[in-house]
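In what follows, a structure is listed as structure tokens, so that the remarks can point back to it.
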Amino acid sequence: MKVHCNKLLMAALGIMCACGAAHAHMRDYLVLSPYWTSPKGAFEFEVYNDFGTKSSGEDFYKHQTELEYGLTDRLTLGLYGVYEKKGSGPLHYARTKFEGRYRLADYGKLPVNPALYLEYARGANGHADKVEGKLILSRDFGKNYDMNVTLNGVFEKERTLGSDWERSFVLGFSKTLNLISS
């Protein structure tokens, strides 16, 4: 499946121009899953690009387009399309991902704000299927609640014979800067 960047760009611009007023939540982190879910009935469209060089010296590029929907105020469902390019190889479709994120409690009702995350990635073009789960713990603090610490406990497994569950965690800290003085 070949993707023409001009057509993809024109489609994205068309969607943005056709929409009315839009609002998205602030995204404190790039690789952590946040506690927040989309409000009931709200759609969120997100584009994510990642590129760099692996420790092996191989260059990579990954493009991910995501559409999320707030099924309830606590439950968000998402659908992703992921394209990848390794080295000088072609850009190819790598996987379709299905995501669910559920907030276990209302904001501020517990010492930490807990949520659960579940993702199923359906591999394409030689990529294996994968399952990923996360326990999300988040806490806002500071004078104006302008600081956040978020922990993701991550469990993931490729759906291939003999693969084991991998366990890891990701910890993030953010501080909102107000550079505009009144």
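The values are calculated or read from the model by the stated rules, or taken from the named source; none is laboratory data. It should be emphasised that the depicted structure is a prediction, and the values quoted were computed from it without experimental measurement. Here the Cβ positions follow ideal geometry from the backbone for every residue, glycine too, while neighbour counts run over all protein chains shown. Ligands, DNA and RNA are stripped out before the accessible areas are found, and what is left, the full protein with its side chains, is counted by its heavy atoms. Shrake-Rupley method; radii C 1.70, N 1.55, O 1.52, S 1.80 Å.
Show Phe45, Phe141 ordered by accessible area, largest first, where the area counts protein heavy atoms only and the probe is 1.4 Å.
These residues rank, largest area first, as Phe45, Phe141.
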**Item:** Where Ile180, Ile136 fall by accessible area, highest first, once all protein chains stay in place (1.4 Å)
**Value:** Ile180, Ile136
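Using a Förster distance of 22 Å, how high is the FRET efficiency between Lys157 and Thr72, based on the Cβ-Cβ distance and rounded to 0.05?
0.20
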**Asked** Rounded to the nearest whole Å², what accessible area per residue is found for region 46-182 with the 1.4 Å probe?
**Response** 63 Å²
**Message:** I'd like the distance between the alpha-carbon centres of region 104-182 and region 23-91, rounded to an integer number of Å.
**Reply:** 13 Å
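Find, among the trypsin sites (Lys or Arg not before Pro) in region 46-104, those assigned to loop by DSSP (not H, G, I, E, B) with at most 11 other beta-carbon atoms within 10 angstrom.
Lys54
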**Message:** For Ala94, what residues show an amide H to amide H distance below 5 Å, using hydrogens built from the backbone and excluding near sequence neighbours?
**Reply:** Val82, Tyr83, Glu84
**Item:** 5 angstrom amide H check on Ala42, placed H, neighbours 5+ away
**Value:** Gly70
